[in-house]
Every structure is written in C-alpha cells, then in structure tokens.
Amino acid sequence: MLAMFFWSFVIGGLICVVGQLLFDVAKLTPAHTLSLFVVIGAVLAGFDLYEPLVDFAGAGATIPIVSFGNSLVNGAMMESEKHGLVGVLTGMFEITSSGISAAIVFGFIGALVFRPKG
C-alpha cells in the first residue's frame, strides 16, 4: 500500500515537473502546455501505453490533465465500435462530460466569489 502511494506521488510529480519545465525552459504558455498534455495523453492511449501507467501509478496518472486525453480516446474507441463514425464524436463527450461540467460549474462559482485581477 505504501509503495502505491509512493509511485503515485512520484509519477504525478514527474508529470508536474515536465509541465513546469515547459513553462520555464520552453517558454510555452499555459494553454499550449495544457493542449500538449492532452495530446500526449491521447497519443499514449492510442498506442495502449497509458493504461499500464495508470495501473502502476494510480492517481498519479489519472489526476493530471494527461488523463483527459486518455479519456477522450478511450470514449471514442468504445463508442466507435458500436456506432461507427458518429460514436467517435459522441463517445469522447460521453466519457468526459462529468469533468467538463464540473469545470464549468466550479469556474462559474469561482468567478462569482472572487474578483479578477487587472
């Protein structure tokens, strides 16, 4: 059990370190970094490399934004088997709709509660 927590922390931390390096060294904007991480997660899922990482690291691999790309690809692949091309489009949103909805709701609440800078 302790080893699972350790590897989750290490893998999640490494993902964050890569993101920070992209900010500091490559001078990428947060939007570029976010998009890049989603695409990396999607590509890893497409090659069936992300699930073994999730099995090994647990929450360290499922919490960061990289897992959103994984979820998009998994949803598209599952629904494409049932409904073809239409399933590709609907499957992505079916799997990720709760996360997208939570981001919208909590972003709205945050905008109501806090004052913007500038």
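The values are calculated or read from the model by the stated rules, or taken from the named source; none is laboratory data. Being a predicted model, the structure only gives us computed values, none of them experimental. Every residue, glycine as well, gets a Cβ built from its backbone with ideal geometry; the counts of neighbours run over all protein chains shown. When the accessible area is computed, the model is the full protein with side chains, heavy atoms only, and any ligands, DNA or RNA have been set aside. Shrake-Rupley method; radii C 1.70, N 1.55, O 1.52, S 1.80 Å.
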Task: Under the span-like rule (Cα at least 27 Å along the axis, Kyte-Doolittle mean at least -1.0), DSSP H helices of the chain - done: 2-24, 85-113
Task: Helix-only [θ]222 nm of the chain, DSSP H runs n ≥ 4, -39500 (n - 2.57) each, per residue, nearest 500 - done: -28000 deg cm²/dmol
Task: Alpha carbon centroid spacing (whole Å) that separates the range 81-109 from the range 8-75 - done: 18
Open item on the list: Can you compute the modelled spin-label distance between Phe6 and Phe56, with each label point 7 Å from Cα toward Cβ, in nm?
Closed with: 1.5
Open item on the list: Rolling a 1.4 angstrom probe over the protein chains, ignoring ligands and nucleic acids, what is the accessible area of Met77 in square angstrom, nearest 10?
Closed with: 90
TODO: Rank by packing, highest mean first: peptides 21-28, 33-40, with packing defined as the count of other Cβ atoms within 10 Å averaged across residues.
DONE: 33-40, 21-28
